[in-house]
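Colleague: Sharing a structure here in structure tokens format.
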Amino acid sequence: MIFLKSINDFHIDEPTVLTLGKFDGLHMGHKKILENVAQKKNEGLKSVIFTFDTTPADSIYHTATRQLTTLPEKELCFSNVGIDYFLECPFTDEIRKMSARDFIRMCVRNLSVKCFVVGTDCGFGYKRSGNCSTLLRYAEEFGYETVIVEKKQYEGRDISSTFIREEIEKGNIEKANLLLGYPFFIMEEVKSGNRLGRTIGFPTINQIPSPKKLLPPYGVYASCIAIGDDVYKGVSNIGVKPTIKGKNALSLETNIFDFSEDIYGKTVRVRLYSFIRPEKKFDSLDELKIQIAADALKAKEILDNV
């Protein structure tokens, strides 16, 4: 997959099929759109994902919406589904103020778009003035096809990033995973921690989640850990280690079962499968050790069915 991150690089000479959106989470609804993109790719078009380096709302209102997938995680997801070009457009004033017609013209001329594949709620151009009807209106003028994809639903509700965020925030990991179509994961570099786990018989890897990453409630989760091409089972804690004295930074700590390799500095993906219990302050390290043992046993029972 080729990454395009500068407007100066936004030139593709071969005919393309393009879909645009935030694509946060690359969930089951997105995959329905990508199935239609794949059909056009089979007809000889190169596939393009058009997204922005920040959400327009965050840029305009200076908010900081937490995301299901950080940019590196999103890039990984798209590289695994056969996309040819991943275009991350800087949300400049020029782009923000561009009319819907000019946006279409830019895509057709610079990216050789022969087909747009979009969901029914697509929006683009200044103040989201462009939509599906706009694409259909200018199709003949600019010489492209438009494919509009109906929303995929679950229990009568459109599958969306908002829907999944709600479930993540409630700790409903199993439901979120069902809507995503894969386990919700956190991908970060392994950092050096306080190494307390080693002293109580449960060594952990320590990761610091991006402040842009949406996290489930603090607590303990059954998890699987992807290190390169290898996957291991484990138990993870998201939180601030309240049993340890002092002010502790938010971290993701994972005890990987039957694993003893040194992976400091490596980027690791921790996939969450089920919530086990909330984070809790214990009166002693002995109590913590007993609880971690129980958590590990529970995680193994859960992961036996994964």
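Colleague: Would you confirm whether any residue within region 241-251 is out of contact with any Leu (no Cβ under 6 Å at 6 or more places or on another chain) and open to solvent by less than 30 Å² (accessible area, probe 1.4 Å)?
Modeller: Here is the first cut: in region 241-251, the residues out of contact with any Leu (no Cβ under 6 Å at 6 or more places or on another chain) are 241-242, 244-251.
Filter again for open to solvent by less than 30 Å² (accessible area, probe 1.4 Å), leaving 251.
Yes; the residues of region 241-251 include at least one that is out of contact with any Leu (no Cβ under 6 Å at 6 or more places or on another chain) and open to solvent by less than 30 Å² (accessible area, probe 1.4 Å).
Colleague: Quick check on region 275-292. Is at least one of its residues open to solvent by less than 40 Å² (accessible area, probe 1.4 Å) and polar (S, T, N, Q)?
Modeller: So far as region 275-292 goes, no, none of its residues is open to solvent by less than 40 Å² (accessible area, probe 1.4 Å) and polar (S, T, N, Q).
Colleague: Next question. For region 1-36, name all the residues that are over 22 Å from the mean Cα position of the chain (by Cα) and modelled with pLDDT of 90 or more. Outline the logic, then answer.
Modeller: Just the residues of region 1-36 that are over 22 Å from the mean Cα position of the chain (by Cα), to begin with: 7-17.
Residues satisfying the conditions are Ile12, Asp13, Glu14, Pro15, Thr16, Val17.
Colleague: Every residue in region 182-205 that is modelled with pLDDT under 95 and either in contact with an Asp or Glu (Cβ under 6 Å, 6 or more places away or on another chain) or not hydrophobic (A, V, I, L, M, F, W, C) (or both), please.
Modeller: Residues satisfying the conditions are Lys191, Ser192, Gly193, Asn194, Arg195, Gly197, Arg198, Thr199, Gly201, Pro203, Thr204.
Colleague: Mind telling me which of the residues Ser236, Ser260 ends up being under 20 Å from Ser192 (Cα atoms), at pLDDT 90 or above and either open to solvent by less than 30 Å² (accessible area, probe 1.4 Å) or out of contact with any helix residue (DSSP H, G or I) (no Cβ under 7 Å at 6 or more places or on another chain) (or both)?
Modeller: Values: Ser260 fails: at pLDDT 90 or above.
Being under 20 Å from Ser192 (Cα atoms), at pLDDT 90 or above and either open to solvent by less than 30 Å² (accessible area, probe 1.4 Å) or out of contact with any helix residue (DSSP H, G or I) (no Cβ under 7 Å at 6 or more places or on another chain) (or both) holds for just one of Ser236, Ser260, which is Ser236.
Yes or no, residue by residue, for (1) more than 18 Å from Thr16 (Cβ to Cβ); (2) part of a strand (DSSP E or B); (3) modelled with pLDDT of 95 or more:
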residue: Cys77; (1), (2), (3): yes, no, no
residue: Val81; (1), (2), (3): no, no, no
residue: Ile95; (1), (2), (3): yes, no, no
residue: Thr134; (1), (2), (3): yes, no, yes
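Colleague: Can you say whether Arg277 is touching a Phe, Trp or Tyr at 6+ places or on another chain (Cβ under 6 Å), among the basic types (Lys, Arg) and either within 23 Å of Lys212 (Cβ to Cβ) or touching a residue at least 12 places away in the same chain (Cβ under 8 Å) (or both), as far as the supplied structure shows? Please lay out each step first, then the result.
Modeller: Details: touching a Phe, Trp or Tyr at 6+ places or on another chain (Cβ under 6 Å): no; among the basic types (Lys, Arg): yes; either within 23 Å of Lys212 (Cβ to Cβ) or touching a residue at least 12 places away in the same chain (Cβ under 8 Å) (or both): yes.
Judged against the criteria, Arg277 is not a match.
Colleague: Right, something else. Name every residue in region 107-128 that is farther than 23 Å from Glu150 by Cβ, open to solvent by 10 Å² or more (accessible area, probe 1.4 Å) and in contact (Cβ under 8 Å) with a residue 24 or more places away in the chain, in order of residue number. Spell out the reasoning first.
Modeller: Our first condition is that a residue be farther than 23 Å from Glu150 by Cβ; within region 107-128, this holds for 108-112, 126-127.
Now restrict to residues that are open to solvent by 10 Å² or more (accessible area, probe 1.4 Å): 108-110, 112, 126-127.
Residues satisfying the conditions are Val108, Asn110, Ser112, Tyr126.
Colleague: Looking at the structure I just gave you, is Thr162 among the β-branched types (Val, Ile, Thr) and closer than 30 Å to Ala222 by Cα?
Modeller: Values: among the β-branched types (Val, Ile, Thr): yes; closer than 30 Å to Ala222 by Cα: yes.
Judged against the criteria, Thr162 is a match.
Colleague: Check region 137-147 and report whether any residue there is more than 24 Å from Asp84 (Cβ to Cβ), open to solvent by 60 Å² or more (accessible area, probe 1.4 Å), at pLDDT 95 or above and of a type in the set (Asp, Glu).
Modeller: Yes, region 137-147 contains at least one residue that is more than 24 Å from Asp84 (Cβ to Cβ), open to solvent by 60 Å² or more (accessible area, probe 1.4 Å), at pLDDT 95 or above and of a type in the set (Asp, Glu).
Colleague: Give the residues of region 137-172 that are closer than 21 Å to Lys31 by Cα, of a type in the set (S, T, N, Q) and either within 22 Å of the chain's Cα centre (by Cα) or part of a helix (DSSP H, G or I) (or both), sorted by residue number.
Modeller: First pass over region 137-172, keeping only residues closer than 21 Å to Lys31 by Cα: 145-168.
Pick out the ones that are also of a type in the set (S, T, N, Q) and you get 146, 153, 160-162.
If the condition is that a residue be closer than 21 Å to Lys31 by Cα, of a type in the set (S, T, N, Q) and either within 22 Å of the chain's Cα centre (by Cα) or part of a helix (DSSP H, G or I) (or both), then Gln153, Ser160, Ser161, Thr162 are the ones that fit.
The values are calculated or read from the model by the stated rules, or taken from the named source; none is laboratory data. Just so we're clear, the structure is a prediction, and the values are computed from it rather than from any experiment. No Cβ is skipped: glycine too gets one built from the backbone with ideal geometry, and neighbour counts run over all protein chains shown. Keep in mind that these areas ignore ligands, DNA and RNA; they rest on the heavy atoms of the full protein, side chains included. Shrake-Rupley method; radii C 1.70, N 1.55, O 1.52, S 1.80 Å.
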